[in-house]
Every structure is written in structure tokens, then in C-alpha cells.
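First comes the structure, then the notes that go with it.
No lab work stands behind these numbers, since they all come straight from the coordinates. Bear in mind the structure is a predicted one, so any value in this text is a computation, not a measurement. Using ideal geometry, Cβ is built from the backbone for each residue, glycine included, and neighbour counts are taken over all protein chains shown.
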Amino acid sequence: MSVLLEFSMTPLDKGESVSTYVARSLEIIDRSGLPYKMGPMGTCVEGEWEEVMAVAQACYERMRGDCRRISIAMRADYRADKGNRLESKITSVENKLGRKVKS
């Protein structure tokens, strides 16, 4: 039913600060219309396999337009019987803890 794809793409040839390139990827992710959460080390997108991979592909294509070397890290989690997992996975842990966690 849904795939959570957590990924990060970092140009390795643009110096220490790469937030400009991260922002470009976030623009693509946001315009996709898929649910997502940005974290300090990557972004998690939720949708069908083809949808989340298309978003990652679009981010890659944009970055490779002017970056000669890119580091890419990806993790995916598929679950057939659940949706809205960006929120529900966190809620499940919070329920077990009996409190909210930092996010």
C-alpha cells in the first residue's frame, strides 16, 4: 500500500555548505504532492514505489545538471497493509512511551 523512501543527495564538488542544492531537491519533493518529512540528514517521502522513485529520480536529474559528483543514500520500507506511515510510525512509538517525542 505504501513505501517510505528516506533519501539524501549531496553534491561532493560544491564545498562545505550545500543547502542551496538541498533546497532545490526539497522544491521538487514539495511539488510532487506526496507526503514528506525533511530531517537534518535526509528526507522521507511516502507513496507508491513508482511515485517515490520518480521523485528521487527527479532530484537526481536536477542535481546532476551542474554537479560532477553526488553522494546518494537511500532506504525504503514497504508495507502492504498500512498507509499514512509518516505519522503512524511515530505515533505508535509515542503511544508505547506514553509521551510525545521530539521531532
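Couple of notes before you dig in:
- Spin-label model, E61/R31: points 7 Å from Cα along the beta carbon direction are separated by 1.1 nm.
- Charge tally in the Cβ shell below 10 Å around L5, where Lys, Arg are +1 and Asp, Glu are -1, L5 excluded: -3
- Counted charge near K14, where neighbours are those whose Cβ lies closer than 13 Å (Asp, Glu -1; Lys, Arg +1): +1
- Sorted by Cβ neighbour density within 10 Å, fewest at the top, the residues K102, K96: K102, K96
- Given charges at beta-carbon only (K, R positive; D, E negative), |dipole| of region 2-97 in Debye: 220 debye
- On Cα atoms only, tilt of 85-97 relative to the major axis of the chain in degrees: 50 degrees
- Rounded to whole Hz, the Karplus (6.51, -1.76, 1.60) HN-Hα couplings of region 64-74, x for glycine and proline: 6, x, 9, 10, 8, 8, 10, 8, 10, 10, 9
- Spin-label pair M38/L86, simplified geometry with 7 Å Cα→Cβ offset, distance in nm: 1.2 nm
- The chain: Lys pairs at Cα distance under 23 angstrom, eight or more positions apart or on different chains: 9
- Overall dimensions of the chain, expressed as equivalent-ellipsoid semi-axes from the Cα gyration tensor (√(5λ), whole Å, largest first), are 27, 16, 10.
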